[in-house]
Amino acid sequence: LFIPVMQFGVASGTVVLLFVAADDIVLGIATIGSLVAFQRFISKLTWPMTALGLGLSQYQKGMAAYERIKEVLQSQSEITDHGRLVLDEIQSIEFNDLSFRYPGASEYVLKNLSLKIAKGETLAIVGPIASGKSTLIQLLARMYEIDDNKILINQQCYKKYTLDSLRKKIVIIPQEPFLFSDTVAENINFGADSSLDFDSKIIELENICDQVAILKEIQELPHSFQTVLGEKGVNLSGGQKQRLTIARAIRLPSELLVFDDNLSAVDYNTESTIQKNLFRNDPQQKKTQIIISHRWSSVVNADKILVLNQGVQEAFGALESILIHSPTLQNMIQTQTHTENSAVGASHV
């Protein structure tokens, strides 16, 4: 009621003035100018008091919000960071009989998972929805606590590394991209070293954008790399937003790139171009990659494929060695091949 009461007080002063001054104006004792002057005096007296009251009201709201924000900022992380080692590079990643269930849940999301990947290898993870693919990546980034020695990096329990150094080496590219209301250049450069001068930065960004097949589309924007995007990139298509987040990930100095089904909005030819172009300029700097996808074309060239089914490791290894042992993989290839052939046939008709 505070704001309505203060506004009522301002309005009441004008109403009272009109009733009191009406007879004087009619009899000529006071002029219209005097009436207007008194009305302005009333406003000048009442509005500062109203503003003071509004300021106190906003202060109370701000303090209430601040208390809630402070509670979040002061809360302790559920992940205990007792690590002392600094992770300089990732030579190998190993999952050792890993089982996991979410806190409070009775069902295991992952069951007895064991596999190993080496530096520079590409691991593809496929499987039905809710088979534990994204959960595996969250555990690798230490979003949840697990038992010791279930995940090893460089043959060491990954809990021995500081959380900061571990997460700096892992870049996860989510399926749902997030872009800021800023320029294209700043969106790609987010989180990376900003010490480069503008011209050098643009040359590097052009090279990265060419690798993810979006350079031409950026150059066609009104101000190229200086074009300001809307909140969450609303003025871009889904495929363009996904490719910009991939460019941002490549720009970061990481050791492991995780693609969480984030090429679903681009066509097959664009996807193939991106996979061929990644790190083409310096093959020795190829990063270890984990590709989560429901599209067969995204994983066919991976060094190793992990097939998950209801949290169980159905198969793991090179394509040729696991194809005959994995019904899930066979069904995936058969279904998508049939769909692609039907689409080609329909286009010819």
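The values are calculated or read from the model by the stated rules, or taken from the named source; none is laboratory data. Remember, predicted model here, so these are calculated numbers, not experimental data. Quick reminder, even Gly has a Cβ in these numbers, built from the backbone with ideal geometry, and neighbours come from all protein chains shown. Remember, those area values only see protein heavy atoms, side chains included, never the ligands or the DNA or RNA. Shrake-Rupley method; radii C 1.70, N 1.55, O 1.52, S 1.80 Å.
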- Task: Round to the nearest 10 and report in Å² the accessible area of MET49, as given by a 1.4 Å probe over the protein chains' heavy atoms.
- Result: 110
- What number, rounded to the nearest 500 deg cm²/dmol, is the helix-based mean residue ellipticity at 222 nm of the chain, given -39500 (n - 2.57) per DSSP H run of at least four residues and division by all its residues? -14500 deg cm²/dmol
- Projected onto their principal axes, the Cα atoms of the chain stretch, largest extent first, over whole-Å spans of 107, 54, 46
- Query: Using the heavy atoms of the protein chains alone and a 1.4 angstrom probe, what is the accessible area of the stretch 1-41 per residue in square angstrom?
  - Reply: 76
- Query: Which entries in the list LYS159/LYS241; LYS168/LYS201; LYS216/LYS241; LYS150/LYS276 go over 23 Å, if you measure between the two C-alpha atoms of each?
  - Reply: LYS159/LYS241; LYS150/LYS276
- Message: Net charge around ILE151, counting only other residues with Cβ within less than 9 Å of its Cβ (Lys, Arg = +1; Asp, Glu = -1)?
- Response: +2
- For the stretch 91-130, listing trypsin sites (Lys or Arg not before Pro) in a DSSP loop whose Cβ sees at most 15 other Cβ atoms within 10 Å gives ARG101, LYS119
- With a Förster distance of 51 angstrom and the Cβ-Cβ distance between HIS82 and ALA51, calculated FRET efficiency to the nearest 0.05 equals 0.45
- Exposure rule at most 13 other beta-carbon atoms within 10 Å, DSSP loop GluC sites (Glu not before Pro): the chain longest free segment: 221-349
- Label the stretch 1-116 by shape, choosing from rounded, prolate and oblate, from the square roots a ≥ b ≥ c of the eigenvalues of the Cα gyration tensor; if a/c is under 1.5 it is rounded, and otherwise prolate applies when a/b is larger than b/c, oblate when it is not. prolate
- Cα-centre dipole for the stretch 133-250 with unit charges at Cβ (Lys and Arg positive, Asp and Glu negative), debye to 20: 620
- Query: Loop-only check: which chymotrypsin sites (Phe, Trp or Tyr not before Pro) in the stretch 200-301 are DSSP coil with at most 15 other Cβ within 10 angstrom?
  - Reply: PHE279
- Message: Between helix 198-211 and the chain, what is the angle of the helix's C-alpha long axis to the longest principal axis, kept within 0 to 90° and rounded to the nearest 10?
- Response: 50
- So how tilted is helix 327-348 from the main axis of the chain? Cα-based, degrees 0 to 90, rounded to 10. 70
- Note on the structure: From the Cα centre of the stretch 240-267 to that of the stretch 105-137, the distance in Å is 19
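Could you work out what % of the accessible surface of the chain is carbon and sulfur, using a 1.4 angstrom probe and leaving DNA, RNA and ligands out of the count?
Roughly 57 percent of what the probe reaches on the chain is carbon or sulfur.
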- Taking every pair of alpha-carbon atoms in the stretch 58-192, what share in percent sits in each 10 Å bin, from 0 to the bin with the longest distance? 9, 30, 31, 20, 7, 2
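If you stretched the chain out fully between ASP24 and THR270, how much longer would it get, using 0.36 nm times the residue separation minus the C-alpha to C-alpha distance?
80.3 nm
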- Message: Can you work out the Karplus-derived ³J(HN,Hα) for every residue in the stretch 12-25? Use 6.51 cos²θ - 1.76 cosθ + 1.60 with θ = phi - 60°, whole Hz, and x for glycine or proline.
- Response: 4, x, 5, 4, 4, 4, 5, 5, 5, 8, 4, 5, 5, 5
- Query: Just the Cα atoms of the stretch 126-271: what Rg and Dmax do they give in Å?
  - Reply: 17.1, 53
- Note on the structure: If the chain between PHE41 and VAL15 were fully extended at 0.36 nm per residue, the gain over the current Cα-Cα distance would be 8.0 nm
- Query: What residues of the stretch 30-67 lie in the reach of a label at GLN74, counting those whose backbone N is under 13 Å from a point 7 Å from the Cα along Cα→Cβ?
  - Reply: 66-67
- Note on the structure: Between PHE8 and THR31, the FRET efficiency computed from the C-beta separation at R0 = 45 Å comes out, to the nearest 0.05, as 0.95
- What nm distance separates the two modelled labels at THR162 and SER237, each placed 7 Å from Cα along Cα→Cβ? 4.4
